[in-house]
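Shown next, in structure tokens, is the structure this report addresses.
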Amino acid sequence: MKIRHEVMITPERAVVDSKPIPVTTHGIDMLTELYRTRINDYPRFFKMDELCRLGFVASELLLQAAGDRHADSEDRAVVMFNSSGSVCNDRKYQATLQQPDGFFPSPSLFVYTLPNIVTGEIAIRNGYHGETAFYVLDKKSSALIDNALRATFCDETTQSILGGWLDCEAPDDFLAELYLIEK
């Protein structure tokens, strides 16, 4: 496996291939700033939860660095990992269930109560028809992540993976470490 490009996003900064991207905001607002200044052509971004926004922005920055959208293909997999699932949005959804004035759970929040929605959004945006997977681990484990990525390459069709660690526990507590990996 060879890492071709990498991106890291924290609440304080965004870095692509070891080069910081200038930002004026922090936390979840930084993702909106990055979207508006670097992407700005996918209106569904504003309907996404925090985990999806994080994964979407990170994947877009990664693909921009590659200079190749690699669209409409079956040979690119999207494989993500975290340790909190979709807990940030799960908490919001749970709050709608516990309103004393009535039981009206929000369908718009329910859509994002599965972490694999982010891999689907990335695949849909880019026309990827290869494997998509989201693994929730007890804790970050480089060995488990490496093994899962290597196993993904066992499929002869898969030639590259857009993947890595993508965790969002709260709007001001998140981390994206994504890579574009080739066989």
Amide proton proximity set for Phe134, modelled H, under 5 Å, gap of 5+: Met80
Note, ³J(HN,Hα) from phi for region 12-19, Karplus 6.51, -1.76, 1.60, rounded to Hz, x at Gly and Pro: 9, 7, 10, 9, 10, 6, 6, 10
Residues whose placed amide H lies under 5 Å from that of Ile21, excluding near-sequence neighbours: Ala14, Val15, Val16
Centre separation in Å (Cα based) which lies between region 33-75 and region 108-183: 14
Accessible area (Å², 1.4 Å probe, nearest 10) - His26: 110
Whether region 32-73 is rounded, prolate or oblate, judged on the alpha carbon gyration tensor where a/c under 1.5 counts as rounded: prolate
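The values are calculated or read from the model by the stated rules, or taken from the named source; none is laboratory data. All of these numbers come straight from a predicted model, not from anything done at the bench. What goes into the accessible areas is simple: the full protein's heavy atoms, side chains included, and nothing from ligands, DNA or RNA. Shrake-Rupley method; radii C 1.70, N 1.55, O 1.52, S 1.80 Å.
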